[in-house]
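J.: Take this structure first; my questions come after.
The values are calculated or read from the model by the stated rules, or taken from the named source; none is laboratory data. Note that this is a predicted model, so its numbers are computed, not measured. Please note: Cβ atoms are built from the backbone with ideal geometry, for glycine as well, and neighbour counts cover all protein chains shown.
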Amino acid sequence: MDIILIPLLAVLSAAIGIYKWIVILSVIMSWLVNFNIINNSNNFVVGLMQFLYRVTEPVLARIRRFIPIMGGFDLSPVVLILILWFVQEVIGRLMLRLLVSSV
């Protein structure tokens, strides 16, 4: 059982890490577009923003139901990153426990 579970948890942890970076990139891109640093008429920028929006918005919208935008600041990406960090830590500790118990 550990032969399958430990690599599966490792892949899940890596996917969570990649998703955290996607959320961070989404926030940075939205700032750059809002401050007119990046030209949003560029096809690459539009495509990247659409991809980031489609990947992050379903999760962020659920968090916004509980934590509304306060004073013009959207705290949902921070909450999402904290949740992802917590889940990644739990997976890491579970993998460690499985590795120790299998020895």
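J.: Looking only at the stretch 74-88, which residues are closer than 15 Å to T56 by Cα and either in contact with a Gly (Cβ under 9 Å, 6 or more places away or on another chain) or free of Cβ contacts under 8 Å to residues at least 40 places away in the same chain (or both)?
T.: Result: D74, L75, S76, V78, V79, L82, I83, L84.
J.: Sticking with this structure for a sec: Could you check the stretch 36-75 and list, in sequence order, the residues that are basic (K, R) and either over 17 Å from L25 (Cα atoms) or surrounded by 14 or more Cβ atoms within 10 Å (Cβ to Cβ) (or both)?
T.: The initial filter retains those residues of the stretch 36-75 that are basic (K, R), namely 54, 62, 64-65.
Residues satisfying the conditions are R62, R64, R65.
J.: Failed condition for R54, given (1) at pLDDT 95 or above; (2) within 22 Å of L82 (Cβ to Cβ), with all others met?
T.: With (1) at pLDDT 95 or above; (2) within 22 Å of L82 (Cβ to Cβ) applied to R54, the lone miss is (2).
J.: Right, another one. Looking at I37, I28 in this structure, which one is over 23 Å from L94 (Cβ atoms) and either basic (K, R) or not in a helix (DSSP H, G or I) (or both)?
T.: I37
J.: So how many residues does the stretch 62-93 have that are assigned to a helix (DSSP H, G or I) and either at pLDDT 95 or above or charged (D, E, K, R) (or both)? Spell out the reasoning first.
T.: Step one: list which residues in the stretch 62-93 are assigned to a helix (DSSP H, G or I), which gives 62-66, 76-93.
Still in the list and also either at pLDDT 95 or above or charged (D, E, K, R) (or both): 62-65, 76-93.
Summing the residues that are assigned to a helix (DSSP H, G or I) and either at pLDDT 95 or above or charged (D, E, K, R) (or both) in the stretch 62-93 gives 22.
J.: Being under 30 Å from S102 (Cβ atoms) and of a type in the set (G, A, S) is true for just one of G17, G72. Which residue is that? Spell out how you get there, then give the answer.
T.: Details: G72 fails: under 30 Å from S102 (Cβ atoms).
On inspection, the qualifying residue turns out to be G17.
J.: Would you tally the residues in the stretch 76-103 being farther than 21 Å from A14 by Cβ and surrounded by 13 or more Cβ atoms within 10 Å (Cβ to Cβ)?
T.: 3
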